[in-house]
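A quick write-up on the structure given underneath.
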Amino acid sequence: ESCAGGSYSATGSATCESCVGGTFSNTGAASCTSCASGTYSDEASSACTKCDSGTWSNWNAASCVVCVAGKLSSSGASTCVDCDAGKYSDARAGACTACDSGTYS
């Protein structure tokens, strides 16, 4: 009998083990695979999930990290980038906003 997605059975083992956060497996897997940058997974996942805009992750991530104020990211990002001159953002931003007239960033 094969292991369900989100778990694996090492060769010669009769038991299934859950994949740890940041990894995933398909049904019948002999090992778990690391999630790519810009994605994450909880424990026992059969797939990785894209990080939301305003967050990012490195590979093998169990969660996404929030972008700090002044930076932004699109969905599935592996890093946050600075807002352009004359624009600003709050933390967890997917877009930057132009500064009001007479102000700067």
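Scanning segment 58-82 for residues that are small (G, A, S) and either crowded, with 22+ Cβ neighbours inside 10 Å or on the phi > 0 side of the Ramachandran plot (or both) turns up A61, G70, S73, G76, A77. Of the residues T11, T33, T55, T23, only one is within 30 Å of G94 (Cα to Cα), open to solvent by 60 Å² or more (accessible area, probe 1.4 Å) and hydroxyl-bearing (S, T, Y); which? Unique residue meeting the criteria: T33. For A47, the test of being open to solvent by less than 60 Å² (accessible area, probe 1.4 Å), more than 8 Å from the chain's Cα centre (by Cα) and closer than 30 Å to G12 by Cα is passed. Whenever a residue of segment 63-85 is farther than 22 Å from A36 by Cα, its partners that are open to solvent by less than 40 Å² (accessible area, probe 1.4 Å) and polar (S, T, N, Q), lying with C-beta atoms within less than 8 angstrom and at least six residues away or across chains, give the pairs A69/S89; G70/S89; C83/S89.
The values are calculated or read from the model by the stated rules, or taken from the named source; none is laboratory data. This one's a predicted model, so the numbers in the text were calculated from it and none came from an experiment. Cβ: placed from backbone, ideal geometry, glycine included. Neighbour counts: every protein chain shown. Side chains are part of the model used for accessible areas, which takes the heavy atoms of the whole protein and leaves out ligands, DNA and RNA. Shrake-Rupley method; radii C 1.70, N 1.55, O 1.52, S 1.80 Å.
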